[in-house]
């Protein structure tokens, strides 16, 4: 947890592919917006200095805001968002109240090593990072930018996926073969989630992602972009040069049912293996059992316990465990649960970078959902180097 310093970071040092660093930063809720933004910038710089990170090591930043419509214009004038001419960074901005009551929080991902990645901004929404022969596509702030209510959640879902698909295709890839992870944000998730699910399923069917193949790891959660009429927005990560044997999926059907059992289309976790490490992308995970039922209705700490156990089970299916998590995002339906949840995490995982935000999960009975990424050592020299 970030603790009194407001900063937490965790690093993985590989044998051949360099190091990866995950940083979380928060700010006291007692300050105004400008003061919080300046403090987050200063704390982020402090973390980079402590880790010895040059500016070009930044790959991805997610900024969590309490009021995106009003806060984004000012934020876009800061170095948290603005690109340097020779150093594009994929920046996600999502309205999810940082808890307990802050206006901004930050999660950042940096990569350093003997080779300097080549970064290219393909468009305002897509950054391509080329490293050791692999192209990593970070797609952020995908939204329709709607000016009125002429499109609904289903139409917006289709349009933002088509933006992603068009960019992947232009780079010689396919959604089914190369998209690893998506984050889908919805205003009014209790109302619009099913429309998104139905639209995504139809689009996946057209692109070869079916019940008989596999899906993409994902989180579908309450959240918003800075456009008042957008109901759906999305971030995504794709590896455009996956080799045979690099990708596998994380499941433990003794604890969690297949998502297709309740007619949704995402993988619970995806493992991408490299010569010296493996990345484990964990989808949004809640207190669910092997029959797809919600466990511990009304008890947020017991639900969190089960969610952590479920994530650990998923990771163990890929030769990892919860202690290998490099960062955590915790989504709470009720902000009144913050102190109990923060205390749980501080006691059990004091050094894990974590951001806790207010965001309703797709079933009202779920009080908490967690997601994140684990990195473990791997020894398969025939696979690509990260």
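Mind checking which residues of segment 267-312 are closer than 30 Å to residue 18 by Cβ, outside any strand (DSSP E or B) and touching a residue at least 40 places away in the same chain (Cβ under 8 Å)? Result: 268, 274, 275, 276, 308, 311. If you filter segment 56-84 down to residues that are under 20 Å from residue 10 (Cβ atoms) and without any contact (Cβ under 8 Å) to a residue 60 or more places away in the chain, you find that the one that is surrounded by the most Cβ atoms within 10 Å (Cβ to Cβ) is 63.
Pick from 45, 50: which is part of a helix (DSSP H, G or I), surrounded by fewer than 15 Cβ atoms within 10 Å (Cβ to Cβ) and in contact (Cβ under 8 Å) with a residue 40 or more places away in the chain? The conditions single out 50.
Just give me the residues in segment 16-42 being assigned to a loop (DSSP other than H, G, I, E, B) and out of contact with any helix residue (DSSP H, G or I) (no Cβ under 7 Å at 6 or more places or on another chain), in sequence order.
First, the residues of segment 16-42 that are assigned to a loop (DSSP other than H, G, I, E, B): 16-18, 27-32.
Hits for segment 16-42 are 16, 17, 18, 28, 29, 30, 32.
Kindly evaluate residue 169 against the criterion of being free of Cβ contacts under 8 Å to residues at least 12 places away in the same chain, part of a helix (DSSP H, G or I) and closer than 27 Å to residue 215 by Cβ.
On the way: free of Cβ contacts under 8 Å to residues at least 12 places away in the same chain: yes; part of a helix (DSSP H, G or I): yes; closer than 27 Å to residue 215 by Cβ: yes.
For residue 169, the condition - free of Cβ contacts under 8 Å to residues at least 12 places away in the same chain, part of a helix (DSSP H, G or I) and closer than 27 Å to residue 215 by Cβ - is met.
Taking residue 243 and the conditions (1) under 21 Å from residue 356 (Cα atoms); (2) loosely packed, with under 15 Cβ neighbours inside 10 Å, which numbered condition does it fall short on, given that it satisfies the others? Just one mismatch for residue 243, condition (1).
Is it the case that some residue within segment 65-81 is touching a strand residue (DSSP E or B) at 6+ places or on another chain (Cβ under 9 Å), part of a strand (DSSP E or B) and within 29 Å of residue 370 (Cα to Cα)? Working first, answer last.
Initial filter on segment 65-81 (touching a strand residue (DSSP E or B) at 6+ places or on another chain (Cβ under 9 Å)): 65-69, 71-72, 75-76, 80-81.
From what is left, the residues that are part of a strand (DSSP E or B) are 65.
Then keep just the ones that are within 29 Å of residue 370 (Cα to Cα); that gives 65.
Yes, that holds for at least one residue.
For the condition touching a helix residue (DSSP H, G or I) at 6+ places or on another chain (Cβ under 6 Å) and modelled with pLDDT of 95 or more, what is the one hit in 233, 217, 199, 248?
199
Within segment 320-339, if we keep just the residues that are in contact with a strand residue (DSSP E or B) (Cβ under 7 Å, 6 or more places away or on another chain) and over 18 Å from residue 356 (Cα atoms), the residue that is surrounded by the most Cβ atoms within 10 Å (Cβ to Cβ) turns out to be 320. Of all residues in segment 195-221, those that are more than 20 Å from residue 152 (Cβ to Cβ) have Cβ atoms under 6 Å from Cβ atoms of residues that are part of a helix (DSSP H, G or I) and at pLDDT below 95, 6 or more apart or on another chain, in 211/260.
Considering 317, 238, which residue is more than 30 Å from residue 146 (Cα to Cα), at pLDDT 95 or above and either touching a helix residue (DSSP H, G or I) at 6+ places or on another chain (Cβ under 6 Å) or surrounded by fewer than 23 Cβ atoms within 10 Å (Cβ to Cβ) (or both)?
Values: 238 fails: more than 30 Å from residue 146 (Cα to Cα).
Exactly one of 317, 238 is more than 30 Å from residue 146 (Cα to Cα), at pLDDT 95 or above and either touching a helix residue (DSSP H, G or I) at 6+ places or on another chain (Cβ under 6 Å) or surrounded by fewer than 23 Cβ atoms within 10 Å (Cβ to Cβ) (or both), namely 317.
Check whether at least one residue in segment 18-39 is at pLDDT below 95 and in contact with a strand residue (DSSP E or B) (Cβ under 6 Å, 6 or more places away or on another chain), and report yes or no. Within segment 18-39, one or more residues are at pLDDT below 95 and in contact with a strand residue (DSSP E or B) (Cβ under 6 Å, 6 or more places away or on another chain).
The values are calculated or read from the model by the stated rules, or taken from the named source; none is laboratory data. Model, not experiment: these values are computed from the prediction. A quick note on method: Cβ atoms are made from the backbone with ideal geometry, for glycine too, and the neighbour counts reach across all protein chains shown.
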